[in-house]
């Protein structure tokens with residue numbers, strides 16, 4: 001995983017440096033696409049205006065398609081849902097927030113790519129029409145989200161402290177920093193599964209990644 005972190009981190013750092021002090025949303029998207037191409041990470045980035053969102057809010061959704069991967073087509077797609085004009089100015093804080101979401105989404109989907117390639121594309125699940133809890137319980141998602149959660153945690157604290165908090169995972173899932181949850185994904189799992197044994201499997205995987213991931217390669 002660390003080679004993936006390093007490559008995606010480099011893209012995000014380059015975008016931030018080249019954005020200077022401010023950049024329009026339109027130019028930020030163009031620059032991000034360009035940096036992924038330069039660094040040979042095949043990602044299709046789309047934008048979708050959602051008028052139900054507040055003007056300054058956005059979120060990134062990622063998708064991996066094993067059939068496209070097998071056919072040597074672009075297999076990872078990001079959709080940026082937003083509700084602002086393409087000429088809106090992004091300041092440094094907002095640029096970093098945007099790139100953190102990009103980093104997390106791409107790393108998550110590249111983990112799915114690893115899973116799928118390892119088994120020769122045979123059994124990747126599709127939970128499009130199933131409950132969200134079924135999606136979260138899928139072994140592939142449990143594995144990919146354990147990486148995502150470890151990244152969220154390591155972004156704000158060192159390994160030794162994180163592992164102490166992980167012994168009380170339910171309480172840890174509620175912890176905030178600067179008014180925001182430390183790990184929204186961990187909170188989602190605790191909210192959906194409570195005392196389900198699945199959380200023990202998740203905790204084991206998270207602790208493994210807390211030990212193995214190179215925190216220096218996590219974009220923040």
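Please treat every number below as a calculation from the coordinates, not as lab data. The structure displayed is predicted, hence computed values, not measured ones.
Pairs of Cα atoms nearer than 8 Å and 6+ residues apart set the relative contact order; for the chain it is 22 percent. Dividing the Cα radius of gyration of the stretch 15-120 by 2.2 N^0.38 Å, with N the residue count, gives 1.13.
Based on the Kirkwood radius over alpha-carbon pairs, what is the Stokes-Einstein translational diffusion coefficient of the stretch 47-175 at 10 °C with 1.306 mPa s viscosity, in µm²/s?
Details: Rh = 16.9 Å.
Answer from the Stokes-Einstein relation: 94 µm²/s.
Restricting the calculation to alpha carbons of the stretch 132-217 gives Rg and Dmax of 11.9, 33 angstrom. Helical content of the chain, expressed as a calculated mean residue ellipticity at 222 nm, amounts to -17500 deg cm²/dmol (DSSP H runs of 4 or more residues, -39,500 (n - 2.57) each, divided by residue number, nearest 500).
More than 29 angstrom separation, counting every C-alpha pair in the chain; what % is that? Walk me through the numbers on the way to the answer.
Working: 6561 of 24090 pairs.
Of all Cα-Cα distances in the chain, 27 percent exceed 29 Å.
Considering all alpha-carbon pairs of the stretch 48-110, what whole percent are spaced by more than 14 angstrom?
Values: 1224 of 1953 pairs.
The calculated P(r) of the stretch 48-110 puts 63 percent of pairs beyond 14 Å.
Relative contact order of the stretch 132-217, please, whole-number percent, based on alpha carbon pairs below 8 angstrom and at least 6 residues apart.
42
Mean separation of Cα pairs under 8 Å and 6 or more residues apart, divided by the residue count, gives the stretch 1-87 a relative contact order of 30 percent.
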